[in-house]
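Working notes, structure below.
Read the figures in this text as sums done on the coordinates, not as results from a lab. Here the structure is a predicted model, which means the values were calculated and not measured. Positions of Cβ are backbone-derived with ideal geometry, glycine not excepted, and every protein chain shown enters the neighbour counts.
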Amino acid sequence: MDNYLQHRKILIVEDEIIILMMMEGMLEDMGCEAIATAHTNDSAIALIQTQFFDAAFLDMNLNGNSSSDVADMLVEYHVPFAYSTGNSIHDNRDGFCNRPVLRKPFGDEEFNRVLSALLHDGAMQPKRNAVL
Amino acid sequence: MMNKNMPEAALSKSGPQVAAEAVIDHLGDNCGPFVVAAETTRMAMVFTDAKRNGNPIIFANNSFLELTGYTRKEVLGQKFNFLLAHAADDVSLAQIKAELDGSAKSGVEILYCRKDGTEFWAAVFISPVKDEAGGIVQYFASFVDLTQHKEEMKQSQSLINELNHRVKNTLATVQSIVWQALRSSASPQLMRQTIESRLLALSRSHDLLTRGNWKSAGLHDIISDALEPFTITHAHSKRISIKGDNIRFSPKAALALGIGFHELATNAVKYGALSNASGSITVEWSRGKPNLDNDYTLEWREVGGPQIDPPKHHGFGSGMVKRGLALELGGEINLHYLRNGLVCVMKFPPPVDSIRG
């Protein structure tokens with residue numbers, strides 16, 4: 001398998017370790033070597049401001065709080081991202097309805113498909129350097 | 001009641017209104033008890049004049065006035081649709097028209113507006129009142145306030161959404177348990193046992209949370225329940241001691257803590273203090289100086305077991321202990337592989353749930 005994930009850095013923002021560990025495992029199996037994780041809005045925002053990411057997965061709800069501040073930060077730093085959620089109904093907030101959504105539970109094929117779409121989109125976008 | 005208003009009303013009311021009230025008086029004279037019943041029933045009701053444009057209201061009972069907040073004077077002579085929350089709401093207008101025509105089957109639900117501007121849903125039932133020749137002279141309309149019903153529907157919808165969210169998260173948790181077990185190089189037999197034992201741990205945490213209405217769970221209960229299968233099947237009850245306050249944790253934290261402690265116990269059975277006939281485990285926690293950041297200290301101490309080495313690879317169990325417990329406790333986890341056995345020290349602040357009480 002050609003490893004399109006080589007040299008790519010992925011951020012997972014997820015507050016449930018048990019789900020997070022599976023997502024990390026799936027990414028590792030896809031050949032991704034650089035994975036960063038955050039469990040809270042604050043730690044995710046700090047990571048986005050200080051590191052470069054090729055793509056991110058963002059849980060819509062972190063310990064009962066909306067993660068929309070993280071979404072805004074990802075947009076500001078031009079990091080392509082997909083939401084993940086346990087909600088079945090369409091609950092994207094205004095202005096974010098075109099974001100891809102991974103609905104839990106999801107399989108590795110879907111995870112892979114969404115990730116490659118994100119990286120493809122990212123390649124189309126102007127790059128913004130991380131903190132210089 | 002109507003008569004009480006008459007002298008004052010006669011001064012200011014328009015011709016049609018006076019005439020309408022005369023009709024009511026006439027009704028009252030002819031069928032007194034029915035009018036009294038209509039006036040005093042708890043069902044909001046109006047009569048309208050079918051012969052006039054817009055079906056002006058010619059009678060409104062007390063319940064209708066209570067429901068809408070208008071005085072009788074303000075209501076009489078108004079068009080039937082004057083209370084519509086959105087006057088140009090074509091759907092509501094069409095529904096009311098169908099109800100007037102008798103083509104609606106079981107009443108219609110309409111959003112109305114009270115005098116104070118607040119809105120309410122009402123089920124509206126309309127029946128024609130015919131004269132001897134069969135012509136419609138009046139309409140009789142009754143209103144059932146659906147506010148409470150709609151509120152209950154909303155609550156039940158929100159419960160369904162919450163349940164659905166919880167089920168999806170649980171399915172994702174189960175998926176992760178299975179996925180990670182299958183990723184290991186264990187035998188199918190061992191994988192099956194591992195998956196089963198973790199699912200049962202998850203199930204016990206669910207039971208504990210259900211007993212507390214999914215509000216919170218106490219740490220002592222979480223640990224006792226997580227260790228219960230090991231105390232029963234292995235007759236280890238005297239070899240495990242658990243001491244500490246039942247400080248409350250949120251459902252999400254309780255689920256992760258349940259699995260974390262289950263993993264510590266599984267490890268003890270496989271390699272640690274419960275793998276021989278003489279080892280024992282003490283789990284104790286207490287609060288130190290309240291000013292420190294992580295003022296609770298919990299110690300999982302195994303003694304009397306074989307000496308164990310730190311694991312070479314980090315799998316599900318060590319992830320759930322080191323990362324899961326650290327995240328849910330909001331503190332630090334340190335594992336010490338001592339000659340006497342494993343010691344796991346957890347330092348953490350009072351959980352948010354216990355601060356809230």
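Summary of values
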| read-out | value |
| --- | --- |
| Kirkwood hydrodynamic radius of segment A:1-84, from inverse mean 1/r over distinct Cα pairs, in Å | 12.8 |
| Length released on extending from residue B:42 to residue B:105, taking residue separation times 0.36 nm less the Cα-Cα span | 20.3 nm |
| Inter-site label distance for residue B:65 and residue B:335 at 7 Å from Cα along Cβ, in nm | 7.7 |
| Tilt relative to chain B, helix B:188-211 - C-alpha long axis, 0 to 90 degrees, to 10 | 50 |
| Residue A:36-residue B:132 FRET efficiency (beta carbon distance; Förster radius 56 Å; 0.05 resolution) | 0.05 |
| Total formal charge among the other residues, if their Cβ is under 14 angstrom from that of residue B:97, Lys/Arg +1 and Asp/Glu -1 | -3 |
| Principal semi-axes in Å for the protein assembly as shown [√(5λ), Cα gyration tensor, largest first] | 67, 29, 20 |
| Angle between chain B longest axis and helix B:219-233 axis [Cα atoms, degrees, rounded to 10] | 60 |
| Gain in span if fully extended, residue B:89 to residue B:307, counting 0.36 nm per residue against the direct Cα distance | 70.7 nm |
| Contact order normalised by residue count of chain B, Cα under 8 Å, 6+ apart, percent | 9 |
| Charge dipole (the protein assembly as shown, unit charges on Cβ, about Cα centre) - positive-most of B:155, B:188, A:10 | B:188 |
| Dipole magnitude of the protein assembly as shown about its Cα centre (Cβ charges: Lys, Arg +1; Asp, Glu -1), debye to nearest 20 | 960 |
| Net charge of Cβ neighbours under 10 Å - reference residue B:226; Lys, Arg +1; Asp, Glu -1 | -3 |
| Between 0 and 90°, nearest 10: helix B:90-101 axis offset from chain B longest Cα axis | 50 |
| Rounded FRET efficiency, nearest 0.05, which uses the C-beta distance separating residue A:28 from residue A:72 and R0 of 41 Å | 0.90 |
| Antiparallel content of DSSP bridges confined to the protein assembly as shown, in %, to 5 | 70 |
| Charge dipole of the protein assembly as shown about the Cα centre (unit charges at C-beta), most positive-ward option of A:115, B:206, A:48 | B:206 |
| Beta bridge orientation in chain B: antiparallel %, DSSP, nearest 5 | 90 |
| Computed magnitude of the charge dipole of chain B (debye, nearest 20; Cβ of K, R +1, Cβ of D, E -1) | 1620 |
| Semi-axes of the equivalent ellipsoid for chain B, Cα gyration tensor, largest first, Å | 75, 21, 16 |
| Label-reachable residues, segment A:46-73, where backbone N falls under 12 Å from a point 7 Å from residue B:161's Cα toward its Cβ | none |
